[in-house]
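Shown next, in structure tokens, is the structure this report addresses.
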Amino acid sequence: MRNLLALVVIGLIVYTIISLVLRSRSGPAGAPGRSWRAPKPPAGPVAPDDDPEFLWRLEQQQRRAEREAKGTDDGSDSDQPGPLGTTP
């Protein structure tokens, strides 16, 4: 009985050591098929064209440049809603 208990304890220790060694050799935590956790989505916009505020400002700049080119710049951007429904 004691031999069986000692064998189980030794087997558990060997299993734990081998799993830790293999896990440390598997590469970065984000390696496909190796991670236990799902990858995190990006916290914010990744590129400028994904950022609604950037696109809004770009559109306002283009409109302002068009008005200046036509010579009808009255300087009023207040009639345009801001990004996500806010006013500038």
Those residues of the range 37-82 that are of a type in the set (V, I, T) and modelled with pLDDT of 70 or more come to a total of 1
For G27, the lone unmet condition from (1) at pLDDT below 75; (2) surrounded by 10 or more Cβ atoms within 10 Å (Cβ to Cβ); (3) under 30 Å from the mean Cα position of the chain (by Cα); (4) on the phi < 0 side of the Ramachandran plot is (4)
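The values are calculated or read from the model by the stated rules, or taken from the named source; none is laboratory data. Just so we're clear, the structure is a prediction, and the values are computed from it rather than from any experiment. Glycine gets a Cβ as well: all are built from the backbone with ideal geometry, and neighbour counts include every protein chain shown.
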